[in-house]
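A.B. asks: Below: one structure in structure tokens.
The values are calculated or read from the model by the stated rules, or taken from the named source; none is laboratory data. Everything quoted here is computed from the prediction, not taken from an experiment. No Cβ is skipped: glycine too gets one built from the backbone with ideal geometry, and neighbour counts run over all protein chains shown.
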Amino acid sequence: MTKEERIENIKKLSGTDVRKCMKCGKCSGRCPAFKDMDIKPHQFVTMLGKGKLDELLACKAIWNCLSCMACVERCPRGVAPAAVVEAVRDTVVRMQGNNGIKAEEIPPIVDELIPQQLLVSAYRKYNK
Amino acid sequence: MQRIGVFICWCGSNIAATVDVVKVAEVMKNEPGVVFSANYQYMCSENGQQLIKQAIKEHNLTGIVVGSCSPRMHEATFRKTAEAAGLNPYMVEIANIREHCSWIHKDMDEATEKAIILVRTAIAKVKLNAPLTAGESPVVKRALVIGGGIAGIQAALDIADAGFEVDIVEKNATIGGRMAQLDKTFPTLDCSACILTPKMVDCAQHEKIDILSYSEVEDVKGFVGNFNVKIRRKARYVDETKCTGCKVCMDKCPSKKGLNAFNMNLNTRPAIHIPFAQAIPNVAVIDPEQCIKLKTGKCGICQKFCGVGAIDYEQKDTFIERQYGAIVVATGFKPIALDAFNEYGYADNKDVITSLELERLMNAAGPTNGVLLRPSDGTHPKVITFIQCVGSRDSSGCGKPYCSKICCMYTAKHAMLLREKYPDTEVHVFYIDVRTPGKNYDEFYRRAVEQYGVDYIKGMVGKVYNENGKLMVQGSNLIDNEQITIESDLVVLATAIEPEPSVRKVATLLTASIDTNNFLTESHAKLRPVESPTAGVYLAGVCQGPKDIPETVSQASACAAKVIGLLVKDKLKTNPCVAIPDEMMCNGCSQCANVCAYGAITYVDKEFRLGGGKTEVRRVASVNPAVCQGCGACTVTCPSGAMDLKGFSSKQIMSEVEAICKK
Amino acid sequence: MKISYYPGCTLKTKAKDLDVTARLCAKALGVEMEEIENWQCCGAVYPMGTDEIATKLSAVRALDHAKHNGGKLLTLCSACHNVIKRTNEDMRSNEDIRFRANNYLKLDEPYKGETEVLHYLEMLKNVVGFDAIKKAVVKPLNRKIGAYYGCLLLRPSGVMAFDNPENPTIIEDFIRAIGGTPVTYPFRNECCGAYVALKNAELPKQKSRKVLTSAKEKGAEEVITACPLCLYNLQVNGDGILPVKYFTELLAEALGVQA
């Protein structure tokens, strides 16, 4: 797959039209994980539009996005930055050996109160 | 036998790049009835028109077809050309091979084929055309202005100064509109009232202007030059001819808790009130929802204290009917409701206000006498944060997709005035883009930054919330790629504007078209920007699109020029393409009269001979050709097919359809 | 009345309190929650990728089951509600997903999003009615209670259609119905950050403290939630700023039903 094809694929996977973005920054004004996002929500949209594939695939932000939809809810242009983050994350974890969580990492960090919901969702989000 | 001439225009490359114009002209030479066919680069040019005139004379043409741009552009041009060559102007048909063909197709073969069909269709029609003669209708030399804001005031003054009578119908108790609520105006910072109220007074004193305040347009009939308008004069429960504006009633009224709409509901006013000190007319009005006397029958204090006996609790709405030659719509705007923008905390925090509310809080005649105090606790705010584009440029469905145009400038104005008046305040402005085109506008905005030290932050606010008594404004700073939270005392929302909702009713009454955002549509975005597509109706101010005061005043004066140009004429040429009933087929059912939007159709009893010396009297439709606008609604409604439209007869339309369908 | 009920993975294990109290209260209010047969875990997070089909099938199966058993599907866990409601919207309005999901499942009759997904709170409000609850309360809770909505119930509001996403009121109305005093605070609709706990332990700590501090500042004595993950995060990472409970526990207390 060429770089261009990969970019197109991420766009398709996100289901959002990055050209609709007017670069107002409202998504980043609301993001509760902003400090932990090395690429900010608005940058996901603009960088995907510009085809900055390598930077997107290498970022840490895909592991820190809370998928809380605050950015989607308030976008004045109907863009979904969270869906772009997820499309990039999906693209990363679908590559062999790129799972975000290794099974052996789990037992030491699990306490007996942790709800199944957290383990199931982590596996679904970070692994394929 | 008809002798038809065909003229195919290239329109430079507009048509010729996509349509093989030479081929189209060649093909037409073989059409039955066509005796002449030519193509030319610019048929609308002097030379092109000469070509047409010459051909009409040399070939004794009885009708012509011009394959060119839309008839909206040049039908009138080519009709004049034909007339100059001695041909009846209604023997001209336009085949639109530009907007309907070359501009929307890419493939030359397809476009050429379609152009041939379109021209053939026009030929089929022109063969059935008959010479028509335009009639005349008189012009009523009086204009109606709907809306008494700065747009309506300016238009009325200009029309009246030219010597024509003008009525201003204003739904509120005073004229002045939104401009009366403003404190200072950009880019020169003159006091709004100081420049507006002299114009309001001029209106009141002008012998040609009649201000019908607290009134609304109820019904409109007729057409350009001859509008018949019914106006509701709402009961104000005060005799306008007696009230002296002394305000004793306002002091004595025991019901003082009504929200003061003029002050954006930031304080209260008595049930009987004059909206503001310089109101025109300076006459009180009673709010019937609030008045104790009108609600319970007990009170009557204002009547007791009124020295001139102006109070009349029995007053009812009355109606007047007047005739006008032209109508100016200037219904204005309002800020949008902020229900869909709870992230800014407007509903929950008194100190989150709109820009128009800030105007009142800074105005010497406002609820705080011009001293900026927080609505929540009456303290001086030290940190003030402005948020731009609240509801503007929002295509998500929560706000308006358009730019409200005035907010960048008034926010710069607010920021500057605050820093000037209260140098100890800190002022921040969140913006997406700063849009300040206009004479001395960008300089004005830069002054806010450079001279007054206003902090402009490129970014948008995601949330405003209250924490420990402070308004926390959380937003992005895109230049520094950071998220910031500004502890503020006052937050001002540059709220999007929308057309005053009453414009919908006005538009319906005038059959004036309106766009998806409720702005009235102009006839041509560039070349006829102040005219509605409905003849005789003109548009001024924000009802047509977002604009500031200088633009509004320009547009209002342009409207006035158009109105004056119309009213100086004694008579108007009427459109001869009017409806005509076939009395033998008419069964008198009245359906055509019911659908006629112009009231052009009446019914008459007419005597018909039956043969053998017998007669019968039947009820049949009769069309007033001066009133008929040729819309054709009656022709398609008539169940017996008795109604036809001159120039667009059923036979002509069917011949066009046949020409299109024929391979 | 009977209503098809989807409990979800956590409610059978770590969040038994939520499940048990909800069932007892529903019974006391005249609603029988009928657990659907052979339900499978919804996946606990809605997959947004437009090509995700297999990850949505368990939700579709539950929805189809409910379609044939009363037409309504009751949810309780915020995550299940979010996943199932959004998947249902996909099945209703996204032709591509509908076609491919049905192609997998080969149901007797294709599922087209016919089922109405109802959260327990919506059931209380619209089926039982808060007035009826008020009448059934035997021990009004005279406490100041903060509603914690979090993210999953409210957003994306276009699909969830649960409440005003910025200014929700349904849990506040619920608190009033059980005799409590609702305390509104600005972080009640902010995410607690728990979803990334396994990758980034610090973020959920900060966010949960912020939520509870905000509630406490406005006068709340305790906070209630519908989400097992929020409860866990706010309890474990919230430094004990305020006690956190499931909303159904308070309902049980007010109705006087014993677990």
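A.B. asks: In the range B:64-87, what count of residues is obtained for those that are assigned to a loop (DSSP other than H, G, I, E, B) and either surrounded by fewer than 16 Cβ atoms within 10 Å (Cβ to Cβ) or in contact with a Gly (Cβ under 9 Å, 6 or more places away or on another chain) (or both)?
C.D. replies: 3
A.B. asks: Take the residues in the range A:83-125 that are of a type in the set (Val, Ile, Thr) and touching a residue at least 24 places away in the same chain (Cβ under 8 Å); name whichever of them is nearest to the other protein chains (Cβ to nearest Cβ).
C.D. replies: By that ranking, first place goes to A:ILE101.
A.B. asks: Among (1) under 12 Å from the mean Cα position of the chain (by Cα); (2) without any contact (Cβ under 8 Å) to a residue 60 or more places away in the chain; (3) surrounded by fewer than 20 Cβ atoms within 10 Å (Cβ to Cβ), there is one condition B:ALA525 misses while meeting the rest; what is its number?
C.D. replies: Against the list (1) under 12 Å from the mean Cα position of the chain (by Cα); (2) without any contact (Cβ under 8 Å) to a residue 60 or more places away in the chain; (3) surrounded by fewer than 20 Cβ atoms within 10 Å (Cβ to Cβ), B:ALA525 comes up short only on (1).
A.B. asks: Now a separate question. Just to verify a result, which residue in the range B:625-652, among those that are in contact (Cβ under 8 Å) with a residue 24 or more places away in the chain and part of a helix (DSSP H, G or I), is farthest from the chain's Cα centre (by Cα)?
C.D. replies: B:LYS651
A.B. asks: Could you tell me whether any residue of the range C:68-75 is within 22 Å of C:TYR246 (Cβ to Cβ), buried (at least 19 other Cβ atoms within 10 Å of the Cβ) and within 14 Å of another protein chain (Cβ to nearest Cβ)?
C.D. replies: Within the range C:68-75, one or more residues are within 22 Å of C:TYR246 (Cβ to Cβ), buried (at least 19 other Cβ atoms within 10 Å of the Cβ) and within 14 Å of another protein chain (Cβ to nearest Cβ).
A.B. asks: Could you list, in sequence order, the residues of the range B:224-238 that are within 22 Å of B:ASN172 (Cα to Cα) and of a type in the set (A, V, I, L, M, F, W, C)?
C.D. replies: B:VAL229, B:ILE231, B:ALA235, B:VAL238
A.B. asks: Can you tell which of C:ALA226, C:ALA220 is closer than 18 Å to C:ALA15 by Cβ and in contact with a strand residue (DSSP E or B) (Cβ under 9 Å, 6 or more places away or on another chain)?
C.D. replies: C:ALA226
A.B. asks: Which number in (1) assigned to a loop (DSSP other than H, G, I, E, B); (2) surrounded by fewer than 17 Cβ atoms within 10 Å (Cβ to Cβ); (3) more than 9 Å from chain C (Cβ to nearest Cβ); (4) at pLDDT 90 or above marks the one condition that A:LYS128 misses?
C.D. replies: Exception for A:LYS128: condition (4).
A.B. asks: For the range A:1-44, how many residues meet the condition of being basic (Lys, Arg) and within 14 Å of chain B (Cβ to nearest Cβ)?
C.D. replies: Residues that pass the stated criteria total 7.
A.B. asks: Being aliphatic (A, V, I, L, M), touching a Gly at 6+ places or on another chain (Cβ under 7 Å), more than 26 Å from C:GLY193 (Cβ to Cβ) and away from chain A (no Cβ under 14 Å) is the requirement here; does C:MET33 meet it?
C.D. replies: The answer is no for C:MET33.
A.B. asks: Looking at C:VAL31, C:VAL20, which one is surrounded by fewer than 22 Cβ atoms within 10 Å (Cβ to Cβ) and either out of contact with any helix residue (DSSP H, G or I) (no Cβ under 7 Å at 6 or more places or on another chain) or not β-branched (Val, Ile, Thr) (or both)?
C.D. replies: Answer to the check: C:VAL20.
A.B. asks: Would you call C:LYS139 more than 22 Å from A:ALA33 (Cα to Cα), of a type outside the set (S, T, N, Q) and free of Cβ contacts under 8 Å to residues at least 40 places away in the same chain?
C.D. replies: No, not satisfied.
A.B. asks: Follow-up question, since we're still on this one. Among the residues of the range B:359-412 satisfying the criterion of being part of a loop (DSSP other than H, G, I, E, B) and basic (Lys, Arg), which is farthest from B:GLN474 (Cα to Cα)?
C.D. replies: B:LYS405
A.B. asks: Out of (1) farther than 20 Å from B:ALA365 by Cβ; (2) within 27 Å of the chain's Cα centre (by Cα); (3) not polar (S, T, N, Q), what's the single condition that is false for B:ALA279?
C.D. replies: (1)
A.B. asks: Which of the residues belonging to the range A:68-90 are among the small types (Gly, Ala, Ser), under 16 Å from the mean Cα position of the chain (by Cα) and surrounded by fewer than 24 Cβ atoms within 10 Å (Cβ to Cβ)?
C.D. replies: Scanning the range A:68-90 gives a single hit, A:ALA83.
A.B. asks: Do we have any residue at all in the range B:441-448 that's touching a Lys or Arg at 6+ places or on another chain (Cβ under 7 Å) and either in a helix (DSSP H, G or I) or crowded, with 19+ Cβ neighbours inside 10 Å (or both)?
C.D. replies: No - not one qualifying residue is present in the range B:441-448.
A.B. asks: Which ones in the range B:454-482 are assigned to a loop (DSSP other than H, G, I, E, B) and either farther than 27 Å from B:SER376 by Cα or within 11 Å of chain A (Cβ to nearest Cβ) (or both)?
C.D. replies: Matches in the range B:454-482: B:GLY459, B:MET460, B:LEU478, B:ILE479, B:ASP480, B:ASN481.
A.B. asks: In addition: Filter the range A:50-66 for residues that are in contact with a helix residue (DSSP H, G or I) (Cβ under 6 Å, 6 or more places away or on another chain) and either buried (at least 17 other Cβ atoms within 10 Å of the Cβ) or of a type in the set (D, E, K, R) (or both); which is farthest from the other protein chains (Cβ to nearest Cβ)?
C.D. replies: A:LEU53
A.B. asks: Quick one: which helices (runs of 4 or more DSSP H) lie wholly within the range C:123-242 and hold at least 1 residues that are among the acidic types (Asp, Glu) and within 14 Å of chain B (Cβ to nearest Cβ)?
C.D. replies: Per the criteria, C:170-177, C:202-217.
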